[in-house]
Amino acid sequence: MKQIGSIAGRELRSMFVSPIAYGVMSLFSILAGVFFILDVAWFNEMLMRMQQYQAFDELAQWNLNDSLIGEFYGSMSVVLMFLIPGITMGLYASEKSNGTEELLLTSPLTIWDIVLGKFLAGAVFVTLLTLLVGMFPGLLFAYGDPEVGKTMSGLLGILLVGWTYVAIGGFASSITRNQIIAFLVSFVVLLTLLLLPAVADFGVAGSAPAVAEVLRYLSAAIHFEQLLKGLVDTADLAYFAVMIGVFLLLTKASVESVRWR
């Protein structure tokens, strides 16, 4: 564990020594603020319209969590899909391009120490981003009455989605020495996971229901939506754990393969 912490600390220091981490956090904060303001404005506009047209049935079903916080969390999960590849693209690719990969692999550290340490660094950074996201719904507790359970489960969903993206981005970085290629590979994989439900609904739902169900299950968005509803199911938690574990195993195999070349 000490070696893993050392690797994670080294990666975090390298992130914050360069302007990348500060740039990502600043951009993320600005986008979070913009999306939150837009969601609040849209929420208020819809409330006024329903009151104006006396749509009392719809008004009774309107609430902060489903109609505002959930929309905000959904927008931020998409933003993470664009930003996290920018953070993870250098985890391994930079070691290869700088010529420090051999020094790292010949050190007393195990491959798992390296893989888990770099993943931990990315996970800590995502946790900081998640805390930034949580600040905005926190403001609503001073002026409204959102559900604590739904708010926290949605925030947990953001965290788990972010950690999964870090594991995928780390794998993409481990298979190339070019950071731009690592970014593109990671982004394409994340975009594919996002679009799997659409592929299942419009592509194979009619002819192969079993395949469509598998495609839906593989999408992080489906499990994230369950957490947005306040449903913390072990099946959804297991999905994120399995996805992270699978991509960490793939990353280990990719890093370890360097020794056999």
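Laboratory data are not the source of any read-out in this text; all were calculated from the coordinates shown. Keep in mind the model is a prediction, meaning the values are calculated, not measured. Counting neighbours? That spans all protein chains shown, and the Cβs are built from the backbone with ideal geometry, glycine included.
Cα axis of helix 148-174 to longest principal axis of the chain: angle in degrees, 0 to 90, nearest 10?
Its long axis makes an angle of about 30 degrees.
How big is the charge dipole of the chain about its Cα centre, in debye rounded to the nearest 20, if each Lys and Arg gets +1 on its Cβ and each Asp and Glu gets -1 on its Cβ? Numbers along the way, then the final one.
Details: 13 positive and 19 negative charges, 226 e Å.
So the magnitude is around 1080 debye.
I need to check one value: relative contact order of the chain, counting alpha carbon pairs closer than 8 Å and at least 6 residues apart, in percent.
Details: 279 pairs, mean separation 65.8, N = 261.
Worked out over the chain, it gives 25 percent.
By a straight-distance test (C-alpha under 20 Å), which lysines pair with K118 as possible cross-link partners, with residues fewer than eight away in the same chain excluded?
Partners within reach: K2, K96, K252.
Local charge sum around Q226 (other residues, Cβ-Cβ under 14 Å, Lys/Arg +1, Asp/Glu -1)?
Numbers: positive: K150, R216, K229; negative: D66, E225, D233, D236.
Once positives and negatives cancel, what remains is -1.
Give a residue-ordered list of calculated ³J(HN,Hα) values for segment 7-14 (Karplus: 6.51 cos²θ - 1.76 cosθ + 1.60, θ = phi - 60°; whole Hz; x for Gly, Pro).
5, 4, x, 5, 5, 5, 5, 5
For helix 234-256, what angle does its Cα long axis make with the longest principal axis of the chain, in degrees from 0 to 90 and rounded to 10?
Approximately 20 degrees, to the nearest ten.
Taking the dipole about the Cα centre of segment 2-260, with the C-beta of Lys and Arg at +1 and of Asp and Glu at -1, give me whichever of Y92, L128, F202 is farthest to the positive side.
Y92
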